[in-house]
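Where a number appears in this text, it was derived from the coordinates with a stated rule and is not lab data. None of these values were measured; they are calculated from a predicted model. In this analysis, Cβ positions are derived from the backbone assuming ideal geometry, glycine residues included, and neighbour counts consider all displayed protein chains.
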Amino acid sequence: QKEVEQDPGPLSVPEGAIVSLNCTYSNSAFQYFMWYRQYSRKGPELLMYTYSSGNKEDGRFTAQVDKSSKYISLFIRDSQPSDSATYLCAMNTGFQKLVFGTGTRLLVSP
Amino acid sequence: DTAVSQTPKYLVTQMGNDKSIKCEQNLGHDTMYWYKQDSKKFLKIMFSYNNKELIINETVPNRFSPKSPDKAHLNLHINSLELGDSAVYFCASSQDFGTPTYEQYFGPGTRLTVT
């Protein structure tokens, strides 16, 4: 069993929909939680990060962490075709090694 | 301005060959990484260097040898290539070691195909 589990998708939604992307994890020592976005044939880029439990909002994106359930989410409001990408969750204990999920491929159709 | 660059972008080679991938960052970061992303998009760390010193060495075959001539460069040499080495290899960098490194900057990747 992987330390971080993520549904690979693809998740197909129409433009304007609210998207929910999720990861579960097994290591209770994880403290920092990140979401990376990866466009096709490109390197991942950091979208958002949160520390410990709680919510964080940045424009159309909201990241949620529930440490008691070992569950993190990324919500995208008013999704756009330009949001079509693979979304990778990542987490660590505060030291260098990031552990990634397998990524969820999102397709937003016009 | 390119932050993290890798060469080559594509690499097609035969089994048994030896090849190298180069990485350079111009962000002034102290820490650099190599990741392997398989066909299912799973991204796994292989190595990490901080100021030219190896700090993370995951369970990777000895055929893979990283080299950091200075803190702006991290190269990956692969001996005796195997079919299973086919993947996309990403170089990344971050500012510091010992602080939460949520901000890792990734290069564009090198797509390695072993035939």
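Compute, for the protein assembly as shown, the length of the dipole vector about the Cα centre, with Cβ point charges of +1 (Lys, Arg) and -1 (Asp, Glu) only. Units Debye, rounded to 20.
With Lys and Arg at +1 and Asp and Glu at -1, about 400 debye.
Which translational diffusion coefficient, to the nearest whole µm²/s, is obtained for the protein assembly as shown from the Stokes-Einstein equation, given a Kirkwood hydrodynamic radius over C-alpha pairs, 25 °C and 0.890 mPa s?
136
Between the stretch A:53-110 and the stretch B:30-94, what is the separation of their alpha carbon centroids in Å?
Result: 25 Å between the Cα centres.
On average, how many beta carbons from a partner chain sit within 10 Å of the beta carbon of a residue in B:36-43?
6
From the cross-link list B:K19/B:K40; A:K56/A:K97; B:K22/B:K52; B:K44/B:K71; A:K42/B:K22; A:K2/B:K52, which pairs have alpha carbons spaced over 20 Å apart?
Beyond 20 Å: B:K19/B:K40; A:K56/A:K97; B:K44/B:K71; A:K2/B:K52.
Starting from 0 in steps of 5 Å, tell me what percent of the Cα-Cα pairs of chain B lands in each bin.
2, 13, 24, 26, 19, 10, 4, 1, 0
How much length would be gained if the chain were fully extended between B:K44 and B:K9, taking 0.36 nm per residue of separation minus their Cα-Cα distance, in nm to one decimal?
10.7 nm
Using only Cα atoms, what Kirkwood radius does the stretch B:26-85 have, in angstroms?
12.3
Hey, what did the stretch A:15-105 get for relative contact order, percent, Cα under 8 Å, at least 6 apart?
36
For the stretch B:18-115, state which trypsin sites (Lys or Arg not before Pro) are in a DSSP loop and have at most 13 other beta carbons lying within 10 Å of their beta carbon.
B:K40, B:R63
Debye calculation, C-alpha points only, no solvent: report log10 I(q)/I(0) for the stretch A:27-88 at q = 0.13, 0.19, 0.28, 0.29 Å⁻¹, in the same order as the q values.
These q points yield log10 I(q)/I(0) values of -0.36, -0.73, -1.22, -1.26.
Hey, any idea what Rg/Rh is for chain A, computing Rh the Kirkwood way over Cα pairs?
We get a ratio of 0.95 for chain A.
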